[in-house]
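The values are calculated or read from the model by the stated rules, or taken from the named source; none is laboratory data. From a predicted model like this one, the values you see are computed outputs, not experimental measurements. Because the Cβ atoms are built from the backbone with ideal geometry, glycine has one as well, and the counts that use them run over all protein chains shown.
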Amino acid sequence: MAELNEAISERRRQTRSNVYHYLYQSPEPRSKQDISRDLNLSLPTVYQNVSELLHAGLIEYAGASQSAGGRPAMQLRIIPGARCAIGISITGHRLRFAATDLSREEIAYKDLPHTLNVEDEGYSEFVAEQLELFIEENHLERKNILGVGISLAGIILPEISTVLYAPTLYLRNLSLKALIDAIPYPVLPWNDASSGGFAEWYGSEFRESIAFLSLAEGVGGAVLVNGDQYTGNNYKSGEFGHMCVEWNGLPCSCGKKGCLEAYCSAKRLSSDLGITLSDFFAGLEKGKSEYTAIWEDFKKHLIIALHNIRMSLDCDIVLGGYLTEYLKPYLPELREMLAESDPFDRECQYLRISRYSKDSSMLGVALTFIRDYLNSI
Ligand SMILES: [Zn+2]
């Protein structure tokens with residue numbers, strides 16, 4: 001008997017889910033008659049499910065449709081802001097916050113430079129306070145927050161909330177327990193590049209496997225196979241930043257030489273030169289010879305890495321990380337350079353720039369809460 005009830009309630013849940021997702025995927029509001037016709041459900045069943053979804057605050061009326069005769073039908077649509085999730089990116093002396101709602105669009109953003117170190121006493125409380133401030137400033141309803149994701153450039157073991165190794169933050173074996181305890185919402189820590197890769201996969205229309213290459217302070221990556229991250233046997237898959245692109249080349253933050261990160265980090269085009277990224281690209285536009293030489297070297301090593309990734313994985317490669325804000329105008333040239341070494345493809349359209357650009361690393365981990373919630377409706 002209990003089993004039968006469970007089966008019935010699961011069937012009912014599935015119907016409600018179908019009604020919600022039908023409205024979620026419709027570009028325009030739809031009527032109950034549309035739902036009934038397109039989902040092949042009786043009108044009383046549609047009324048009941050719509051009433052439950054209205055009551056739960058997940059959908060709303062969007063006015064009446066124009067009709068040639070008879071009564072105009074009331075139109076329904078989802079409420080994107082019914083739930084939201086937040087991502088926090090932790091890098092050296094900088095916190096960045098982004099929020100997304102059920103529409104998967106970015107709805108709030110904040111960049112906060114500060115002077116604390118991650119391992120300092122009081123750091124967890126500081127992050128928690130700034131999070132509350134971000135929530136208030138953007139009028140996010142606390143009861144609607146599904147969770148808070150933390151993205152960090154390091155190898156993270158989520159099951160024990162520990163950062164095993166984060167070279168750009170100079171950290172080894174750092175427990176995130178205090179930080180997780182300081183935040184009064186469900187918290188998920190995740191590697192920044194894995195998070196960025198997930199954002200690109202889940203937020204875009206593409207549903208194929210991708211390699212995500214994050215170009216930021218450090219260089220990282222992730223391999224997503226049909227939406228699931230290929231983690232490797234030791235959570236070190238997709239560490240594209242430490243692929244060797246020059247034997248015995250420039251020193252890298254990992255202690256080795258010739259890594260991609262040593263050639264293609266945002267740092268190389270900014271803080272290493274004592275300038276900002278926008279200074280660099282402005283100088284490059286004006287043909288400043290010092291910048292042109294670095295840029296040529298940057299591109300050469302980036303192409304070696306992109307070529308090797310493509311040859312090993314045969315999937316689209318998506319560039320993310322805050323450096324990509326400046327890379328759009330150079331994409332055709334990068335594709336052309338890549339085509340020169342690609343024996344199979346003359347266009348190299350498989351190379352693209354992330355939809356969320358600089359914010360992908362925070363939004364990806366936030367979007368995991370959105371995905372789980374949408375799957376649960
Ligand atoms: Zn390295």
Task: Single unsatisfied condition, residue 202 versus (1) assigned to a loop (DSSP other than H, G, I, E, B); (2) at pLDDT below 90; (3) within 16 Å of the chain's Cα centre (by Cα) - done: (1)
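For the stretch 181-194, state whether one or more residues are at pLDDT below 85 and over 21 Å from the mean Cα position of the chain (by Cα). Full working, then the answer.
So in the stretch 181-194, the residues at pLDDT below 85 come out as none.
No: the stretch 181-194 contains no residue that is at pLDDT below 85 and over 21 Å from the mean Cα position of the chain (by Cα).
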Task: Residue pairs meeting the criteria (Cβ under 9 Å; at least 6 apart or on separate chains; first closer than 14 Å to residue 212 by Cα and without any contact (Cβ under 8 Å) to a residue 12 or more places away in the chain, in the stretch 349-377; second hydroxyl-bearing (Ser, Thr, Tyr) and in a strand (DSSP E or B)) - done: none
Task: Elements of type strands (runs of 3 or more DSSP E) contained in the stretch 95-177, each with 2 or more residues being over 22 Å from residue 363 (Cβ atoms) - done: 162-166, 171-175
- [ ] Take the stretch 24-62 and flag every residue that is more than 19 Å from residue 11 (Cα to Cα), outside any strand (DSSP E or B) and of a type in the set (A, V, I, L, M).
- [x] 54, 58
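Being within 13 Å of the ligand (Cβ to nearest atom) and either in contact (Cβ under 8 Å) with a residue 40 or more places away in the chain or surrounded by 22 or more Cβ atoms within 10 Å (Cβ to Cβ) (or both) is the filter here, so list the residues in the stretch 213-241 that pass it. Give the steps one after another, and end with the answer.
So the first thing to find is which residues in the stretch 213-241 are within 13 Å of the ligand (Cβ to nearest atom), and the list is 218-221, 236, 239-241.
Once the filter is applied, which keeps residues that are within 13 Å of the ligand (Cβ to nearest atom) and either in contact (Cβ under 8 Å) with a residue 40 or more places away in the chain or surrounded by 22 or more Cβ atoms within 10 Å (Cβ to Cβ) (or both), the stretch 213-241 yields 218, 219, 220, 221, 236, 240, 241.
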- [ ] Run residue 332 past the list (1) touching a residue at least 12 places away in the same chain (Cβ under 8 Å); (2) over 12 Å from the mean Cα position of the chain (by Cα); (3) not in a strand (DSSP E or B) and report the number of the one that doesn't hold.
- [x] (1)
TODO: Please verify whether the stretch 275-289 includes one or more residues that are surrounded by fewer than 18 Cβ atoms within 10 Å (Cβ to Cβ), assigned by TED's automatic domain parsing to the domain that holds residue 224 and within 13 Å of the ligand (Cβ to nearest atom).
DONE: no
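Within the stretch 224-240, is there a residue that is at pLDDT 95 or above, in the same structural domain as residue 322 (by TED's automatic domain parsing) and touching a Lys or Arg at 6+ places or on another chain (Cβ under 7 Å)?
So the first thing to find is which residues in the stretch 224-240 are at pLDDT 95 or above, and the list is 240.
Those left that are additionally in the same structural domain as residue 322 (by TED's automatic domain parsing): 240.
This time we only want the ones that are touching a Lys or Arg at 6+ places or on another chain (Cβ under 7 Å), so: none.
No: the stretch 224-240 contains no residue that is at pLDDT 95 or above, in the same structural domain as residue 322 (by TED's automatic domain parsing) and touching a Lys or Arg at 6+ places or on another chain (Cβ under 7 Å).
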Task: Search result, residues across the stretch 350-373 that are among the polar types (S, T, N, Q) and part of a helix (DSSP H, G or I) - done: 357, 360, 361, 368
Open item on the list: I'd like to know if the stretch 243-266 contains one or more residues that are buried (at least 18 other Cβ atoms within 10 Å of the Cβ), of a type in the set (Val, Ile, Thr) and within 16 Å of the ligand (Cβ to nearest atom).
Closed with: yes
Open item on the list: Pairs needed: first member in the stretch 21-48, touching a residue at least 12 places away in the same chain (Cβ under 8 Å); second member anywhere, among the acidic types (Asp, Glu); C-beta distance under 7 Å; at least 6 residues apart or different chains.
Closed with: 22/38
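Can you pull out the residues in the stretch 300-331 that are among the aromatic types (Phe, Trp, Tyr) and either under 15 Å from residue 197 (Cβ atoms) or outside the structural domain of residue 239 (by TED's automatic domain parsing) (or both)? Even if it seems obvious, please write down each step before you answer.
Initial filter on the stretch 300-331 (among the aromatic types (Phe, Trp, Tyr)): 322, 326, 330.
Once the filter is applied, which keeps residues that are among the aromatic types (Phe, Trp, Tyr) and either under 15 Å from residue 197 (Cβ atoms) or outside the structural domain of residue 239 (by TED's automatic domain parsing) (or both), the stretch 300-331 yields nothing.
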TODO: Identify all residues within the stretch 290-305 that are of a type in the set (Val, Ile, Thr) and away from the ligand (no atom under 16 Å from the Cβ); write none if there are none.
DONE: 292, 294, 303
Open item on the list: Here are the criteria: (1) touching a helix residue (DSSP H, G or I) at 6+ places or on another chain (Cβ under 6 Å); (2) modelled with pLDDT of 90 or more; (3) within 29 Å of residue 125 (Cα to Cα). Tell me which single one residue 253 does not satisfy.
Closed with: (2)
